Amino acid sequence: MQRIQPESTQEIVDTVRSHAEARRPLAIEGSGSKSGLGRPVDAEAHLSVRGLSGITSYQPDELVLTAWSGTPMREIWDALQEKRQHLAFEPATSALYGSGNEAGTLGGVLASNLSGPRRPSAGAARDHFLGFSAVNGLGEEFKAGGKVVKNVTGYDLPKLLAGSMGTLAVLLEVTVKVLPAPEKQRTVIVPVPDVEIGHRCLATQLREALEIDGTAFLPAALAARSSVDLVRAPGSALAAMRLTGSPVSVADRCAALRAGLGMPSEELHSARSQALWAEINEVAPLLRAEAGALWRLSIPPASGAKIAMALGQGEDCLMDWGGGRLWIARRDASAEDANLVRKVVATAGGHATLVRGPDELRRAIDVFPTEAPLALLKRTKAAFDPHGILNPGRMYREL
């Protein structure tokens, strides 16, 4: 397999153009840390943007950062940490796909639109994606969006490319919104007997004016796998609620939350709290490695406990977003089981994404839910990549 890693935007333009003329598919990637997400791409050549790396502009006072799409996330995080800022949507590293501490690239984070536990309050990756330059499937360079937070000019193409998995264009330079990092964080953990009571605890506290920005339920087996001693100690399932902000505000809200619980609870302070939410964000440290397929379910929050009991196979689930997102590990990695998962989720008005699974399953089904009419998806693909050479089939079999 040919691997191409251009060192300039012109080389990328020339590579895409030559492959378009020859009608030869290209597999587009950053560092390849998320290669297990989506359907396998059948292409003789892999085009990596890792050669386009580095922060080109960072204006902390304007809350804007611009970098090449191949910039490692570690470099982004280090620059932001120095100015006490962060990406509020909490991009994860890529432990789910066996890449360990490899955090991927900024372009990969935006192309996959993966967001962490703060998603309900802070928005998704696409909501922080301000602008870009890119190359379409004909080898033509184009730009959209801007380099300021308040940008309303033209079509909002950054939101379209976010989550497109490299099927519409090759990202070159990208601009994201950054925000001040919280001064302090604490997490209140509550031992609970089962998912119903844990879910009810989260839902009740979310209705209070406490500005909780992370809510999760861990079955007993997942809590036992945590690296955080106070999470393992109760030996039971846990409901976890994170509060962030100024030290005084966090302390006051934690006290109010615990007073209103009417149940025994414990507090995790900075280091322990950060470690727990890193595990929740990654998922992989908590779930069993032998699971055949890992699903991410987006559902109405009120349905969280019901769907977890129907599909979670006892302990093989992690609830996030107060019940709005479930990570479900299934032992059965068949197309028949995939249909079952999606049927159950559809009854609740949600949708399911296969986040990790064997190649044969990823080839047999559409990994991502079809949320828009197929005809519209085909027209969009044709507008950006008329010859279908960019990551063909990565998202849907027919695209």
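The lone criterion from (1) open to solvent by 30 Å² or more (accessible area, probe 1.4 Å); (2) under 22 Å from residue 196 (Cβ atoms) left unmet by residue 335 is number (2). The residue of region 121-153 that is nearest to residue 12 (Cα to Cα), among those that are open to solvent by 70 Å² or more (accessible area, probe 1.4 Å) and at pLDDT below 95, is 147.
Within region 295-333, the residues that satisfy the criterion of being outside any helix (DSSP H, G or I), of a type outside the set (D, E, K, R) and touching an Asp or Glu at 6+ places or on another chain (Cβ under 9 Å) are 326, 327, 328, 329, 333.
Taking (1) of a type in the set (Gly, Ala, Ser); (2) in contact with a strand residue (DSSP E or B) (Cβ under 8 Å, 6 or more places away or on another chain); (3) not assigned by TED's automatic domain parsing to the domain that holds residue 26 in turn, residue 166 satisfies each apart from (3). For the condition open to solvent by less than 60 Å² (accessible area, probe 1.4 Å) and out of contact with any helix residue (DSSP H, G or I) (no Cβ under 8 Å at 6 or more places or on another chain), residue 319 does not qualify.
Here residue 398 meets each of (1) over 23 Å from the mean Cα position of the chain (by Cα); (2) assigned to a loop (DSSP other than H, G, I, E, B); (3) touching a residue at least 40 places away in the same chain (Cβ under 8 Å) with one exception, condition (3).
Residue 242 falls short on exactly one of the conditions (1) more than 20 Å from residue 204 (Cα to Cα); (2) open to solvent by less than 70 Å² (accessible area, probe 1.4 Å), and that condition is (1). Applying the criterion of being modelled with pLDDT under 95 and open to solvent by 30 Å² or more (accessible area, probe 1.4 Å) to the residues of region 8-40, the residue that is farthest from residue 69 (Cα to Cα) is 35. Candidates are the residues of region 67-85 that are in a strand (DSSP E or B) and buried (at least 19 other Cβ atoms within 10 Å of the Cβ); the one that is modelled with the lowest pLDDT is 72.
Filtering region 173-220 to residues that are open to solvent by less than 30 Å² (accessible area, probe 1.4 Å) and over 23 Å from the mean Cα position of the chain (by Cα) leaves 188, 189, 190, 192, 195, 198, 201, 205, 210.
For region 347-395, enumerate the residues that are in a loop (DSSP other than H, G, I, E, B), hydrophobic (A, V, I, L, M, F, W, C) and more than 17 Å from the chain's Cα centre (by Cα).
Matches in region 347-395: 348, 365, 372, 389.
Does region 287-306 contain any residue that is in contact with a Cys (Cβ under 8 Å, 6 or more places away or on another chain), buried (at least 18 other Cβ atoms within 10 Å of the Cβ) and within 22 Å of residue 201 (Cβ to Cβ)? Checked against the condition, which is being in contact with a Cys (Cβ under 8 Å, 6 or more places away or on another chain), buried (at least 18 other Cβ atoms within 10 Å of the Cβ) and within 22 Å of residue 201 (Cβ to Cβ), region 287-306 yields no hits at all. Return the only residue of 57, 53, 18 being in a loop (DSSP other than H, G, I, E, B) and among the small types (Gly, Ala, Ser). Within the list 57, 53, 18, the selection yields 53. Between 338, 333, the distinction of being touching a Pro at 6+ places or on another chain (Cβ under 7 Å), more than 30 Å from residue 85 (Cα to Cα) and either of a type in the set (Lys, Arg) or in contact (Cβ under 8 Å) with a residue 40 or more places away in the chain (or both) belongs to 333 only. Within region 245-259, the set of residues being open to solvent by less than 10 Å² (accessible area, probe 1.4 Å) and under 27 Å from the mean Cα position of the chain (by Cα) comprises 250 only.
Whether a residue is under 21 Å from residue 161 (Cβ atoms) and open to solvent by 50 Å² or more (accessible area, probe 1.4 Å) was assessed, and residue 50 passes this test.
The values are calculated or read from the model by the stated rules, or taken from the named source; none is laboratory data. For clarity, every value in this text was computed on a predicted model and none was experimentally measured. So basically every Cβ, Gly included, is an ideal-geometry build from the backbone, and we count neighbours across all protein chains shown. Ligands, DNA and RNA are excluded from the accessible area calculation, which covers all protein heavy atoms including side chains. Shrake-Rupley method; radii C 1.70, N 1.55, O 1.52, S 1.80 Å.
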